[in-house]
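In what follows, a structure is listed as structure tokens, so that the remarks can point back to it.
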Amino acid sequence: MSILGTRVVRTEDPVFLTRGATYTDDLTDERLTGALHLTLVRSPLAHARITAIDVEAARQAPGVVAVYTGADLGLDPVVLFPGANKGMKRPWLATEKVRFVGEPVAAVLTEELYQGPDAAELVEIDYDPLPAVIDLRAAATDEVLLFEDVGTNTAAGHGVDDEPAADLFDGCEVVVGHEIVNQRLAAAPLETRAAAAVWGSDGRVTVFCSNQNAQGARDEIARWLGLDRDRVHVILPDVGGGFGAKIGADPEFALVAHLAKLSDRPVRWSESRSENMTGMLQGRAQRQTITIGGGRDGRVKAYRLDILADAGAYPRLGAFLPQFTRMMAPGTYDIERLDTRARVVVTNTTSIGAYRGAGRPEATAAIERAMDLFAAEIGMDPAEVRKCNVIAPDKFPFTSKGGVEYDSGEYAKAIDKALEAAGYAQLRAEQAARRERGDAKLLGLGVSSYVEITGGGAYAENASVEVHPDGTVTVLTGTSPHGQGHATAWAMLASEHLGVPIEKITVRHGDTDLIPRGSGTMGSRSLQTGGVAVYQAAGELVELAKQRAAELLEANVDDLEVDKERAAIVVRGAPGAKSVTFAQLAEQERLQVDTVWDGQKPSFPFGAHVAVVEVDRETGKVTVERLVAVDDAGPVLNPLLFDGQRHGGIAQGISQALLEEVVYDSEGQPLTATFADYGFPSAAELPSFDLVDMQTPTPINPLGYKGVGEAGTIGSTPAVQSAVVDALAHLGVRHIDMPTTPLRVWEAIQTAAKGAE
Amino acid sequence: MIPVGFDYARPDSVDAALALIAEHGEDATILAGGHSLLPVMKLRLAAPELVIDIGRLTELNYIRVDGDDVAIGAGSRHREVEVSEVLATEVPLLPAVARTVGDPQVRHRGTIGGSLAHADPASDLPAAVLALNGMVVLRSPRGERSVPITQFYTGVFSTVKEPDELIVEIRVPRAGAQLSQGWAFEKFTRRANDWAIVGVAVVDGRVGLVNMGSTPLRASATEAALADGASIEDAAALADQATDPPADTAATPQYRRHLAKVLTRRALQTASGG
């Protein structure tokens, strides 16, 4: 019997639940003995010139070993993300001006952790405030510039120079549009950012840090500090959540490494929650203008998506992500004419990076809002409109107007399964009855159809599998788990070939000396790249073992097979004949295989979600009653892990629709920088989810696996937002921006009532 | 998130605590459950020289019938208020309110005295004690005095408590048979463990409002209308009179006024068994 597809309990959990994890800040590694503690003095203003910095008093404070300003570092400002305007460089410590609340201005090294904040308070910085640029449209006017010498606030343009198609909506009976906001979100992982660095006598630096990609972090630290990549060794201890905000290094990591060099001592840093809420990469942050046109028969002919996206103060990956949004703009729909563009601007805010979904939820939210607007305009049920526009199953592989090739899909079937599981027709009847009766609680139904990209960008991943003479197995992977359960999943994939029980298989990751090549865990890539690589490596190891066993067993290689019960090579159909275990083979000679799996392209998982919400007509409060999710990511390796990913994603997706938003005032002061103010959810805000299975294998890898890590945020967010608007549709409400807070819902009802008067 | 250094004292009696408070004056601060104090210390918005921890003073830890009142030791945890059998019988509003404070971890640490002393207009218990016409018992080396809760609050985070005084007890009238008009608590939040955007505590025709001004408030116009025989609907429509609700990311003043009316109506309906 195959272990694949079974509900294997996570092997990671006993340690997490008993001894506890070892995060970067918990490290007692002897290399860090005597480490100094870094405290950063951060800007309290969003945009200001620095007129003076006085660190003398801080230098005299107890326990202070050194205080650095930007002038002391000997480092030039750096281009953090080469895909954006290269003039928008980030200083390591701000010297001339600050560009967001939380930007580091001075660095204090102390003997003891607790001495740092006291000394930091003594650093005196004089600021000359400048007008803050917070609103994206204001940023786009270039009236106030963040980088005067660059001459523009535009960090990147995607398709902005293309001539807009003038005849895009020709022949459309109906054209509707709206300006919508996909709001800024904070990843808020339970483990905040942390790093520790120590230089060896060999001139190499070891950096321990909390991250999703050891090799990427190594490469960035090396590039930013102008070091040869071989001189940087990155080690990832346990990582307490990332959600995209821990992809690659943060400048603070490189700063820790540089300060360890300058001070000739190990240095460690772990940020506070307050620092995290302004310092860590945030996500989404797009203003979108959507226009959709088609016929009264329900057929959509044309769609336009104009994006104005926020990069924050210093461009990072967020400057690229709107390109993902453009690629996925038409979603699951067979739309004849598509026109998209994205401009990315800098503002006096925290930098934007990836956040679970990273560009794709923004695409799905936009097209799904457009579909709802179109359905409302022609008076057709939103589920019907979707079904009559999705790409037919016989058209795959399908090259979308977004310019990507969808490998497989049965979109209408996914919608039907979701509608059926929800009891859609009965719910519509219930909705009508409540409206008829004038019930205090209105019912809203939202349907979303989605397709996304997983494993986009880095299609290849490496793996190594070794059987040791004691029968244990070590798997090395370039992926980098931070909660997903790779140790369990990769052990299952190796065990499938070798028969070695998963308890005897150790999965190692996140050490660039041990595993120099790899692309980490992001973009829902791990299983379809790293997992398939492990499966391939274990298969290759079996072949190697057979070669060696053939001689020993005096048999033809083709007559050999694996006896999984015994983790041995045996002669097929010859019970009682001689056999040799993998462990015995390893005793004679090292039994190890390195391999690279390269799928050469991404996969395109899809699904449909149905949300059922209740809206309190008087207060505007929304309660999610049900969330039905059909998520097709191909065959499922481990339903426990699969459903866990869906649960987490759906929770974050619902939360974007209802609760979460990073808010700044007009001067750039963050208003949501604590957990009391930032609206991330607890279980009490969420229903039990109805998960519906559907498995369409991708042809791009031998196991048919796609990714599922981000599906929840992509499918659930538009379904919930749509359901909230749907509850109020009979009042004439067509759109409410996310998060659909009680205040916004109440205001929408008030406005609709005034319009009706 | 590391506070400024401070000295710490854990006196073993109320008298010893009072002596310390008298000695150190405004340089000292009282630590009970810590849920209001510790965050502001960690954000360095407060930097007391001495923290006097009264969290283990069991003499402040009681809930008992005392004549026509229930006397609640100021050190009683929200959880103890929540599950008190005495209160369930005599003052059922209070357990119902305590049950909505934060989450179980918070309720096992936070104290009723701390909540009342902190004087955050967004806190639930002050408005509930206000609706109950409770008394706050203050003690200092100079002696003890009782202040009606209606005269206790002077503004955001401020009360008539003198620097050398400690809240030792909260007294609320026993309801018993007098509870002719019932009680109810309506709390409107975005998330289960949030502070109230608006809250309304109703008991016996009296209405306490959470987060509708700089202090907990009584909806006096509503109470007067009810006394004059107005309908619940008409009386509730006056609930925002003489309030000054704040603006924040969760609500506008206008929205809070609306919520106060809706929640007051609902609470009055529940209280009347409707």
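Laboratory data are not the source of any read-out in this text; all were calculated from the coordinates shown. What you see is a predicted model, and the numbers here were worked out from it, not measured in a lab. Please note: Cβ atoms are built from the backbone with ideal geometry, for glycine as well, and neighbour counts cover all protein chains shown.
Simple spin-label estimate for B:Thr58 and A:Ala577 gives 7.9 nm between the two label positions (7 Å along the Cα-to-Cβ direction from each Cα).
Consider a paramagnetic label point 7 Å from the Cα of B:Arg145 along Cα→Cβ; state which residues of the stretch B:104-126 have an amide N under 18 Å from it. Taking a point 7 Å out along Cα→Cβ of B:Arg145, the residues of the stretch B:104-126 whose backbone N falls under 18 Å are B:117. Sorted ascending by nearby beta carbons within 10 Å, beginning with the fewest, A:Tyr303, B:Tyr8, A:Tyr127 become B:Tyr8, A:Tyr127, A:Tyr303.
Highest mean packing first, where packing is the average number of other Cβ atoms within 10 Å per residue, the peptides A:18-30, A:35-47, B:76-88, A:678-690 line up as A:35-47, B:76-88, A:678-690, A:18-30.
Hey, got the dipole for the protein assembly as shown? About the Cα centre, +1 on K and R Cβ, -1 on D and E Cβ, debye to the nearest 20?
On the way: 96 positive and 139 negative charges, 253 e Å.
In debye, rounded to 20, the protein assembly as shown gives about 1220.
Per residue, the Cα convex hull of chain A amounts to 171 Å³. Taken over the stretch A:34-130, the ratio of Cα radius of gyration to 2.2 N^0.38 Å equals 1.12.
Within 10 Å of the Cβ of each residue in B:188-195, the mean number of Cβ atoms contributed by other protein chains is 5. Inter-chain Cβ neighbour count for A:742-748, averaged per residue, equals 4 (cutoff 10 Å, partner chain atoms only).
Based on the alpha-carbon gyration tensor of the stretch B:118-228 and its eigenvalue square roots a ≥ b ≥ c, which shape applies: rounded if a/c is under 1.5, prolate if not and a/b is larger than b/c, or oblate? Kindly include the intermediate steps, with their values, before the conclusion.
Working: a/c = 1.95, a/b = 1.30, b/c = 1.50.
Oblate shape, in that a/c is at least 1.5 and b/c is the bigger or equal ratio.
Near the amide H of A:Val692, within less than 5 Å, lie the amide hydrogens of A:Ala629, A:Val630, A:Asp631, all on another chain or at least 5 residues away, with H placed in the peptide plane. Taking label points 7 Å from Cα along the Cα-to-Cβ direction, B:Leu38 and A:Asp513 give a separation of 3.9 nm.
Measuring between alpha carbons in the structure, the pairs from A:Lys387/A:Lys441; A:Lys621/B:Lys187; A:Lys387/A:Lys417; A:Lys86/A:Lys401; A:Lys395/A:Lys706 lying more than 21 angstrom apart are A:Lys387/A:Lys441; A:Lys86/A:Lys401.
Restrict the search to the stretch A:559-614; then list the GluC sites (Glu not before Pro) that DSSP places in a loop and that have at most 14 other Cβ atoms within 10 Å of their Cβ. Walk me through the numbers before you get to the answer.
Values: sites: A:Glu561, A:Glu565, A:Glu587, A:Glu589, A:Glu614; in loops: A:Glu565, A:Glu589.
Counting only loop positions with at most 14 other Cβ atoms within 10 Å, the GluC sites (Glu not before Pro) in the stretch A:559-614 are A:Glu565, A:Glu589.
In sequence order, the stretch A:619-633 has phi-based couplings of 9, x, 6, 9, 10, 7, 8, 8, 9, 9, 10, 9, 10, 9, 10 Hz under the Karplus curve 6.51 cos²θ - 1.76 cosθ + 1.60, θ = phi - 60°, and Gly or Pro positions carry x.
Take each residue in A:373-381, count the other chain C-beta atoms within 10 Å of its C-beta, and the mean is 0. Computed about its Cα centre, the charge dipole of the stretch A:34-130 is approximately 600 debye, with only Lys, Arg, Asp and Glu carrying charge at their Cβ. Only lysines eight or more places from A:Lys504 in sequence, or on another chain, were considered; those with a Cα closer than 26 Å are A:Lys546, A:Lys564, A:Lys578.
Computed from backbone phi, the HN-Hα couplings of the stretch B:14-20 come to 4, 4, 5, 5, 5, 5, 5 Hz, rounded to whole numbers (Karplus: 6.51 cos²θ - 1.76 cosθ + 1.60, θ = phi - 60°; Gly and Pro given as x). Distances between placed amide hydrogens fall under 5 Å for A:Asn638 paired with A:Gly5, all partners being 5 or more residues away or on another chain.
With neighbour counts taken as other beta-carbon atoms within 10 Å, the residues A:Cys388, A:Cys209, A:Cys172 rank, fewest first, as A:Cys388, A:Cys172, A:Cys209.
Projecting the Cα positions of A:Phe604, A:Ser579, A:Ser526 onto the charge dipole of the stretch A:510-626 (unit charges on Cβ atoms of Lys, Arg, Asp and Glu, taken about the Cα centre) puts A:Phe604 furthest along the positive direction. Considering only A:Gly216, A:Val390, A:Thr713, and ranking their Cα positions along the charge dipole of chain A that arises from unit charges at the beta-carbon of Lys, Arg, Asp and Glu, the one farthest toward the positive end is A:Val390.
At R0 = 51 Å, how high is the FRET efficiency between A:Asp135 and A:Ser201 if r is their beta carbon distance? Nearest 0.05 is fine. Display every interim value, and only then the final one.
On the way: r = 52 Å, r/R0 = 1.03.
That pair, A:Asp135 with A:Ser201, gives E of 0.45.
Please report B:Ile232, B:Ile167 as a ranked list, fewest other C-beta atoms within 10 angstrom at the top and most at the bottom. Intermediate results must be reported in sequence, preceding the final value.
Details: B:Ile232 19, B:Ile167 27.
So the residues, fewest neighbours to most, are B:Ile232, B:Ile167.
The overall shape of the stretch A:456-598, judged from the alpha-carbon gyration tensor, is prolate: a/c is not under 1.5, and a/b is greater than b/c.
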